[in-house]
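A short worksheet on the structure shown next.
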Amino acid sequence: MKQYVFRLTRGSDLLESIRAFCREKRIRAGCIACCVGCLSEACLRSADGATLHSYRERLEIVSVTGTVSEARCHIHTSLSREDMTLLGGHLCPGCIVNTTAEVVLCELAGVAFSKTFDPETGYNELSIETAE
């Protein structure tokens, strides 16, 4: 397993930056080990798979977890509001870093992630392949 650590600065889109990093490093399979920081804006998709929720407020990143690759990223997050209540959901474009976001990403050896349409769920789902 190979580890990467990088820092995103104010104005970066959290999801788009992780996607770009995976493409740049040609990561075939990986996971988010850790991410801390804060956002000034957030866009999260709820569990119904369709509803987007947008927020324009200071939010602390409590957790970020997910599977990533140059082919696909499936990431969830929990965010804390100033009153200490939590928001959570599927990370979407539009999650804008306020001051910083520190990301630790692990590249997994021997596998490759891709996506395959699953007619039962109606989504492109994770496909796992053995890789050299």
Heads up, the strands (runs of 3 or more DSSP E) in the stretch 86-132 (entirely inside) with at least 3 residues that are in contact (Cβ under 8 Å) with a residue 24 or more places away in the chain and open to solvent by 40 Å² or more (accessible area, probe 1.4 Å) are 96-107, 123-130
Tell me whether the stretch 55-62 contains one or more residues that are of a type in the set (A, V, I, L, M, F, W, C) and out of contact with any Leu (no Cβ under 7 Å at 6 or more places or on another chain). no
Matching residues in the stretch 6-24 (under 11 Å from the mean Cα position of the chain (by Cα) and of a type in the set (Ser, Thr, Tyr)) number 1
Going residue by residue through the stretch 35-53, is there one that turns out to be closer than 24 Å to Ile128 by Cα, surrounded by 13 or more Cβ atoms within 10 Å (Cβ to Cβ), acidic (Asp, Glu) and out of contact with any Leu (no Cβ under 7 Å at 6 or more places or on another chain)? no
Inspect the stretch 59-73 for any residue being over 18 Å from Asn124 (Cα atoms) and either of a type in the set (D, E, K, R) or touching a Lys or Arg at 6+ places or on another chain (Cβ under 8 Å) (or both) and give the result as yes or no. yes
Quick check: is even one residue across the stretch 15-31 of a type in the set (Lys, Arg), in a loop (DSSP other than H, G, I, E, B) and buried (at least 17 other Cβ atoms within 10 Å of the Cβ)? yes
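The values are calculated or read from the model by the stated rules, or taken from the named source; none is laboratory data. Not measured: the values here are computed from a predicted model. Note that we place each Cβ from the backbone using ideal geometry, even for glycine, and neighbour counts take in every protein chain shown. Remember, those area values only see protein heavy atoms, side chains included, never the ligands or the DNA or RNA. Shrake-Rupley method; radii C 1.70, N 1.55, O 1.52, S 1.80 Å.
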